[in-house]
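One structure below.
Please treat every number below as a calculation from the coordinates, not as lab data. Keep in mind it's a predicted model, so treat the numbers as computed, not measured. Positions of Cβ are backbone-derived with ideal geometry, glycine not excepted, and every protein chain shown enters the neighbour counts.
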Amino acid sequence: MVPRLAVGLLLLITLPGCLTYEYEHEFWLRVDGSGAVNVTGRPALWTAFKALGDPGDPDGTATREAARELFERSGLRVKRVTLTRRGGQPYLFVSAEFSDVSRLSYTPAFPDLRVALQGDDGRLRLEGGWQRPLDAPDIGVDSARNREGLMAIRFHLPSKVYGHRNAADGVERGNILGWRQDVGTALDGGRIDFGAVMDDRSILFSTVVLFAGAVILAAVLLALALWAVARRGRRDLEDRP
């Protein structure tokens, strides 16, 4: 009984990390607004949400070359573009870097995204939303195959998170937030609103400052201890007859 309960609890804990998405934006942010993004999705969803390719043949026209050109035209530095298969279906993947996340909104590569990162009295505020563009191509939104699965927006944040706007699983592994909805809802115009408040100092910077402070404190304590020993030694010598 106990082993079964333990296995059940383990599955419950790890379930959010096991989710797979038919369409996903995954961001890695830095406190200066720069970072990287991975976009993964079925070609038909790239067509439906980013107008990439021909809606009459998304699998044949939402290609790696077209995706690379789309991201480069939007000012991103493309690192990798691949086409893989999962469950017999193709998935287009693009990994790219950007200099300012706030400049991605409504560019050719992100017509479906609104995002801004702003400083606010020692905090950083992330605000934005995702929605299928009103002029998006029609890929047959009533098709059961096109509507299956989940889509998500995920952020790996650079610093301590103080609050968020209804992230699906709360704060994951310290600084990851995610929002998701059914693909069918997304095709029907469903909107995802996201937001977070975080420290304006990166976790790495805070760790370095803490470590440096500990080293300095240790050095000061050692110096004081050596001074006390030396002073006591001089007194002992002076007290000798």
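Things worth noting here:
- Distance between the pseudo-spin-label points of Asp54 and Asp188 (7 Å out from Cα toward the beta carbon): 3.1 nm.
- Once the Cβ-Cβ distance of Gln181 and Asp135 is raised to the sixth power relative to R0 = 25 Å, the FRET efficiency obtained is 0.75.
- Region 114-211: trypsin sites (Lys or Arg not before Pro) in DSSP loop, at most 10 other beta carbons within 10 Å: Arg173
- Average 1/r across all pairs of distinct alpha carbons in region 19-201, invert it, and you get the Kirkwood radius: 16.6 Å.
- Counting 0.36 nm for each residue step from Glu72 to Asp142 and taking away their Cα separation leaves a gain of 22.0 nm.
- Of all DSSP beta bridges in region 17-171, antiparallel share, percent nearest 5: 85
- Extension gain, Asp169 back to Gln89 (0.36 nm per residue minus Cα-Cα distance, nm): 26.1 nm
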